[in-house]
């Protein structure tokens with residue numbers, strides 16, 4: 001009996017020795033069991049989520065918008081660098097609108113000092129505007145210097161009783177007035193034409209200008225300016 005039991009023990013030991021399970025296989029099986037318990041697929045990379053894609057798209061759109069704004073700012077700064085406007089704001093000849101106004105028209109005028117003395121005296125011409133309670137937004141003297149008398153946002157009294165070709169009245173409400181300093185028997189100077197073109201380019205970068213007209217075109221029979229004006233030069 002003891003001999004039979006000893007035989008069984010020796011046989012089992014021999015089988016165990018020749019049929020080992022490697023440590024690596026045990027670890028793999030343990031890993032699979034652990035993954036199965038936690039519902040995880042081992043050795044797979046997690047794919048990028050749609051949320052990450054949305055964040056990337058949002059960031060790209062923000063960068064594009066910022067770039068467009070920078071380009072627009074640079075364009076406006078370039079316009080300012082190319083023109084010199086002397087601020088000489090007056091306290092009469094305009095009113096403040098109740099709400100922001102839409103400017104789509106430029107009216108060109110002519111005027112000179114009729115109070116006596118030098119017809120091209122800047123101070124006297126501005127005094128004449130004050131005497132009549134009127135003012136343009138801008139004034140260009142004989143040397144091409146550009147003066148701003150009224151802020152664009154305000155309604156300057158420059159057009160008077162007037163009507164646009166499209167039938168609109170109260171032209172002051174949606175226009176900017178530019179005075180060219182010259183008389184009925186003199187022509188605008190080349191410097192004035194150059195400055196006028198620069199000023200209009202500058203204003204067109206700020207406002208959506210669709211009409212540029214002379215005072216005589218909106219007040220036919222009442223006004224004759226701009227005098228001796230060559231429209232081909234603008």
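Where a number appears in this text, it was derived from the coordinates with a stated rule and is not lab data. For clarity, every value in this text was computed on a predicted model and none was experimentally measured. As a convention, Cβ positions derive from the backbone with ideal geometry for all residues, glycine included, and neighbour counts pool all protein chains shown.
Let me know the whole percent of all Cα-Cα pairs from the range 85-233 that are separated by more than 22 Å. In whole percent, the share of Cα-Cα pairs in the range 85-233 beyond 22 Å is 34.
Tell me, in nm to one decimal, what length is gained between residue 168 and residue 87 on full extension, where the rule is 0.36 nm per residue of separation less the Cα-Cα distance? Don't skip to the answer; put the middle values down first.
Numbers: separation 81, 0.36 × 81 = 29.16 nm, distance 3.04 nm.
Full extension from residue 168 to residue 87 adds 26.1 nm.
The separation of the range 175-196 from the range 87-125, counted between C-alpha centres, amounts to 13 Å.
Please compute the length gained on full extension between residue 161 and residue 233, using 0.36 nm multiplied by the number of residues separating them and subtracting their Cα-Cα distance.
Computed gain between residue 161 and residue 233 is 23.2 nm.
Computed from the C-beta positions of residue 98 and residue 127, the FRET efficiency with R₀ = 30 Å rounds to 0.50.
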